[in-house]
1. Rounded to the nearest 500, what is chain D's calculated 222 nm mean residue ellipticity when only DSSP H runs of at least 4 contribute -39500 (n - 2.57) each, over all residues?
2. Using the Kyte-Doolittle scale, find the helices of chain D whose mean hydropathy is at least 1.0 and whose Cα atoms extend 20 Å or more along the helix's long axis, counting only whole DSSP H runs.
3. Per the 1.4 Å probe, what fraction of the accessible area of segment E:11-261, in percent, lies on carbon and sulfur atoms?
4. Which shape class, rounded, prolate or oblate, goes with segment D:11-261 when its Cα gyration tensor gives a ≥ b ≥ c as root eigenvalues, a/c under 1.5 marks rounded, and past that a/b bigger than b/c marks prolate?
5. List, shortest first and in nm to one decimal, how far the label point of D:Val249 (7 Å from Cα along Cα→Cβ) is from its counterparts in the other copies.
6. Could you give, in nm with one decimal, how far E:Phe85 is from each other copy of that position, shortest first, with labels 7 Å out from Cα toward Cβ?
7. Suppose a student asked you for the relative contact order of chain E, using Cα pairs under 8 Å spaced at least 6 residues apart; what percent would you report?
8. If you add up the charges near D:Arg151, with Lys and Arg at +1 and Asp and Glu at -1, over every other residue whose beta carbon is less than 13 angstrom from its beta carbon, what do you get?
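The values are calculated or read from the model by the stated rules, or taken from the named source; none is laboratory data. Please read these numbers as outputs of a predicted model, since none were measured by experiment. All Cβ positions, even for glycine, are placed from backbone atoms using ideal geometry, and neighbour counts span all protein chains on display. Only protein heavy atoms, including side chains, enter the accessible area calculation; ligands, DNA and RNA are left aside. Shrake-Rupley method; radii C 1.70, N 1.55, O 1.52, S 1.80 Å.
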Amino acid sequence: KPVPSQSTPPVTETPKVTEALKSGLAGHTLSIYCGAGMTKPFEEIAKLFQDESGCAMEVTYGNAAQIQTQINTSKEGDLFIAGSADELQPVKDAVTQSTDLVKHIPVLAVKSGNPLGITGLNDLVKEGVRVVLGDAESTPIGKIANKALTDSGILDKVDVIARTATAPEIFNALKMDQCDAIIVWKENAGGDGVEIVNTPDMGKYIKTVPAASLSYSDDAEALSVFLEFLDTEDAKAIWTKYGYELMN
Amino acid sequence: MSSVSIELRNFALKKGDFHLGGISLEIQKREIFALLGKTGSGKTLLLESIAGYYKNFEGDILLNGTSVLHTPLEERKLGFVYQDYGLFPHMTIGQNIAYGLKMRKKNHKVISEEVSRLAGLLSISHILSQYPGTVSGGERQRTALARALILSPDILLLDEPFSALDTVTKQSLYRELIKIHGEFKCTIIFVTHDFNEAQLLADRVGIIDKGRLMAVRHKDALFDLYEDDEVNFFLGLKEL
Amino acid sequence: MSSVSIELRNFALKKGDFHLGGISLEIQKREIFALLGKTGSGKTLLLESIAGYYKNFEGDILLNGTSVLHTPLEERKLGFVYQDYGLFPHMTIGQNIAYGLKMRKKNHKVISEEVSRLAGLLSISHILSQYPGTVSGGERQRTALARALILSPDILLLDEPFSALDTVTKQSLYRELIKIHGEFKCTIIFVTHDFNEAQLLADRVGIIDKGRLMAVRHKDALFDLYEDDEVNFFLGLKEL
Amino acid sequence: MKRKSTLNLFDITAIIIAAAIAFFIISALLTIVLGGAPYLKKALLSDEIRHAILLSIYTASVSTVICVILAVPAAYALTRTSLPFKKTLQIIIELPLSLPYLVLGLCLLIVFSSDFGRALKDLGLKVVFDKNGIIMAQIFVNLPFAVHLMRAAIDLVDARLEFIAGSLGASRLERFTTITLPLCLSSVLMMVILVWSRALGEFGATLMLVGVTRMKTETLPASIYLNISTGDNGMAMAAAIIILIIAAVSLTITTVLRKYTGIKSRISEVVL
Amino acid sequence: MKRKSTLNLFDITAIIIAAAIAFFIISALLTIVLGGAPYLKKALLSDEIRHAILLSIYTASVSTVICVILAVPAAYALTRTSLPFKKTLQIIIELPLSLPYLVLGLCLLIVFSSDFGRALKDLGLKVVFDKNGIIMAQIFVNLPFAVHLMRAAIDLVDARLEFIAGSLGASRLERFTTITLPLCLSSVLMMVILVWSRALGEFGATLMLVGVTRMKTETLPASIYLNISTGDNGMAMAAAIIILIIAAVSLTITTVLRKYTGIKSRISEVVL
Ligand SMILES: Nc1ncnc2c1ncn2[C@@H]1O[C@H](COP(=O)(O)OP(=O)(O)OP(=O)(O)O)[C@@H](O)[C@H]1O
Ligand SMILES: Nc1ncnc2c1ncn2[C@@H]1O[C@H](COP(=O)(O)OP(=O)(O)OP(=O)(O)O)[C@@H](O)[C@H]1O
Ligand SMILES: [Mg+2]
Ligand SMILES: [Mg+2]
């Protein structure tokens, strides 16, 4: 097969994928689990792949806990797109291989205009700053928050008025003005009335979104083609469009 | 104060296809008035109307000079024995009888004394702790009677109050009713199918047919011929 | 085939404090039997027992030779007019009457003819489309009668079937009942408080007191003195 | 006269409470209506939402029908037959009522992932990750509830009327269909509307059993869930408005229907 | 004889359906019981779970009491008073029935984040992120339901008996408390147990309004959710077993109580 010369402008697809896409995966079906927070980008990616390859994409969205239980109980599915590598822990027995897709960035967010002048994690200890975080054990974002606050030595000093079980609730708490600051995934902090604090404090806690192949997969061909498709510029462009940062 | 207890002024009521015609009638205080009429002639509707059961009637009904619907239900001071008794199924016979006194916040002792007294009069002392669902037809009827009598109301409306009773029991109740009437001087309207009963108890008798009040007579004139042949037939005075 | 329609063999039943004593009685096919007794003496309980209403009784009740509880309810072929009628409140008067024939899967035309015929006999044709909740006491009673009669059952159990009716209507129903009995030759037990009614309609009369069957007599001997003075008093034969 | 004021006081208090509840609910629902209205058109034009509307109505209707078909005879068995241990059976059937939907979903996931579930799947009845699962979840959530309501309704019917029907020749089935059931018709109707409403809004158990696959297992509540998860509260509320409209229509229909189920009596026109 | 077999067929079918439902529910619940049993002791010894048990029982009880206190007069107002637009009010009050709990939670969050909510908070009634919020969420979820059940029950009471009570001197309040309410006592009891059960299992609305702060706003359903999220399905199921036990006890109590609420009649002993 013809190898593209180095001099040609960068191609957006690797040849193998092109080939597979052209030959078509009609009749194939991929069952994929995806965290509900990543619905938008992944929806678009799945659609693009389906259009190009003809492979039927059945993407089940849910929160991590549900997906983990579903994988472990139903023993079905080809791929799990998780919010962070931590989320693979409960299903580690079923994961055969995991590739990192994009960065999953935790941020410190405050109300628009930053009325309390919060510029970094250390400002969270200020008098009257109410903070809402994810549960420290059951949500990755809660774990990150605890780690970050512990590392800064301020976990005990921050007024954490509530913890929640999923990311949207953290975001809604801020949006409804029930608190002054939150630590949340970047994609969850996108609505009006909310602004992300431009601080390097959270930089250390960036996670990655892994695509974990599952041992229950029974369509290795389609799965491998899709995994390669995820690595194409087309797919990456969709991630970045929705505010995710690419792996270095 | 007027001596008229119940006054119907050109009263008319329509229920489905049935018309209770324009009825005008005055019943004096302390009077006992018997209402006779074929089945389905409108006797129960008339009693219910006097109790203020229905709203959309024509004419007027006055109780002691006041239009019935202008008196709040709980102040009408009527005793009503319904044709189908209308007992409270979730209360014992004793509680049913006591209900009126309880609502008048009488003390416990007065209530239980009164209940025993009335139950004794009506021979239902043995079933005071049973529920209406388990007692006999005649026992239910007497319970309804006791429940209405216990308040010594100014006006008693009795819809076939002795229909489910045997002769012996009936006779003794006639005596009690006459005694009660003598004591409390209440006005009584009662419906009956028994001409003797009407003559025995009532001062005057009204005869109703197809919703119209055909005649009102002194009890002694009950069996004198009427203008209307239907009425004569009804009373057995003439073959049709 | 035996000529006994209903047989009670030392039948006894206990309900609360009330005991229906050991009753033995044979009622012949085609017989009309009147049951007399004071209120609360157990007449209704006895009729209900014959219909197979209660389970825990002593002795036995045989209908046409078979123990009543061994016949499935729907095959007992009993017509029962309940003291409080027991009409189906969600069906019109017409549907109530038609019910038995409908359950026997008669065709529509037969049913509507039969319903009209019986409604005509009982003068309730004008209320066929009303619901039981809206009709008068007497109309309900006649509906219950029509509902029981429409099946021409072998055995008719009537619990004070004419108590809510005026004299004229009663007289005409007596005639109809006698005609129906002549036609279908059914066995009839009826409860009444009216001695004349008993004598007029029945072949034999049973007198029940405090749950015990005191006497069974031919109707013509009804007013002959009894051994028991309670019974004599009940029938007005003697003062106590 | 003293009494007259008592009368007013009680009625007025009750009316105030009812009005206050209605006012609070209206206010709460208005937040949704206001939040969602700007997105309503977009939502109604989106294929995805249209699919969700149809799927929601379809699954809720099917599960309601199945619930009724199962609950009515089950309630009959629990009240009118000689079945032993009726009370115990009844408590068992009603136990799931207090379990969080999440747990009910987990139960179903385990059951339908077992050999039994696999056998079912081989027979062509796929439940996990399938439309059937939505229906299954709704049934599981609603059935205990439907049986409870039906049983209570049948309990209130005067068994004597059934005896009378029987003596007029009706078989047990006929007694039930011509007497018992019509006499609790208004309760049945109420049960149907409650079950349907709950089915329309059910999501907890469904999420665990079938997850959300766009254009395949996405009901309106699922759509709301995904939109909230991605911070699209506006679209979520628009979908909620659609549910509200469906619910309002069905409630209005049943309210009108209920009028015809009452038993006619002289009393209906009485002055109280 | 033909009929006899019809009889059996219908009864048998009904019994089989009831038994099948019970069997399916038992099997489904058994998955939880088996999965959770090994962890039950650990769960019962854990401070967190103990706190959750108490919090669940406390919030469910308080919200049930409030629901009953509000629903009974509201249902009275919707059935027996001269309140205009009764049907419309009723439909409004019942609308939330079909909204997903997530949406109801969002509604509440918005309402209690408004000026009204702030004013309330200044008065000392904190709702968002507070225990009160759990109670509030349970009330909001259950009240439409409670009003619906009560209204239907009162509708079935013969208004004539109230008229009779009135003519015997009872005020409207007395008529309601001595006649109407006792006559639908079994429905009230049923309503209480359903509301309490649902409150015990409620989680969707709570999640949005109060989140889950361990040892503070963590009810049993919240605990289950957290445990499932950390992959501790065993502990989750152990918590579910605890809910099941609480529910079984309360169902048994009400089943026994219900026995005493029925109206006595000759019929109760009748052979059908
Ligand atoms: N709500 C109603 N709708 C239609 N018809 C009605 C209604 N209420 C009463 N009627 C009719 O009015 C007529 C008179 O009824 P009412 O109960 O007054 O009769 P009655 O004289 O008491 O008879 P009875 O002696 O049989 O009790 C009856 O034919 C009845 O069917
Ligand atoms: N389930 C029961 N529990 C207790 N007592 C009962 C029960 N059923 C009937 N009784 C009593 O049995 C007695 C007889 O009742 P029954 O109905 O047979 O009387 P009856 O002869 O028909 O009287 P009536 O002429 O008044 O209708 C009554 O005193 C009644 O209270
Ligand atoms: Mg009458
Ligand atoms: Mg009797």
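1. -25500 deg cm²/dmol
2. Result, helices passing both filters: D:2-45, D:47-80, D:131-156, D:185-201, D:233-259.
3. 72 percent
4. oblate
5. Distances between equivalent label points, in nm: 4.7.
6. 5.3
7. RCO, chain E: 31 percent.
8. In short, +2.
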